[in-house]
Amino acid sequence: MKLFIFKKFKKINLKKHTENVDPYINIGTIIKDSRVKKNLSIEDLSFLSKIPISTILGIENNEKELIPPYPFTRSILLKLEECLSLEKFKLIKLIQKEYLPTNKRIKRNFTIPKIDLFNSWHGSFIYLFLIIISIFVLNSYYLNNRIIEFKFIEKTRS
């Protein structure tokens, strides 16, 4: 009789299988259904919310060309929630984190060989900087040497 103190467990993958479903499909259907329930046309909703008809059509029909970027879409969705008497932040919660913008900083590569001294602002800036430095160096040199010598050259007559 063997006594097993430790049992071997199978690793269970707890990650949910998430498909990349476009959240604007659900948002569009919610907006369309609530607009129809309130007996509002797209023109009426546009007049109430002050949102262009093309933007409302774009959201309802999931046409990416007509939907503005995320910060604007968020305020539009908040306004539509207010006008259609929907639950606060209901539409915004549907947007997944994958669709939120990330602030990626653009790294600029600045290397010496890429500078064109005559045709770019980088080159002009460096050229101006060198001129100013040389003026200060020459000025300090001549201010430190206060002895000015004059030599008279006499012509000898022969």
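Read-outs throughout are calculated quantities, based only on the coordinates presented, and are distinct from any laboratory measurement. What you are looking at is a predicted structure, and each value in this text was computed from that prediction instead of being measured. With ideal geometry, Cβ positions are generated from the backbone for all residues, glycine too; neighbour counts draw on all protein chains shown.
If Lys and Arg each add +1 and Asp and Glu each add -1, what is the summed charge of the other residues whose beta carbon sits under 15 Å from the beta carbon of SER49?
Charge balance in the 15 Å sphere: +1.
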- Note on the structure: Debye calc, one equal point scatterer per Cα of region 23-99, no solvent, log10 I(q)/I(0) at q = 0.19, 0.27 1/Å comes to -0.71, -1.61
- Sorted by Cβ density within 10 Å, fewest first, the residues LEU91, LEU143: LEU143, LEU91
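Evaluate E = 1/(1 + (r/R0)^6) for LYS151 and LEU130, where r is the Cβ-Cβ distance and R0 equals 30 Å; express this FRET efficiency to the nearest 0.05.
My answer for the efficiency is 0.35.
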- In which sequence would TYR142, TYR24 go, from the one with the fewest C-beta neighbours within 10 Å to the one with the most? TYR142, TYR24
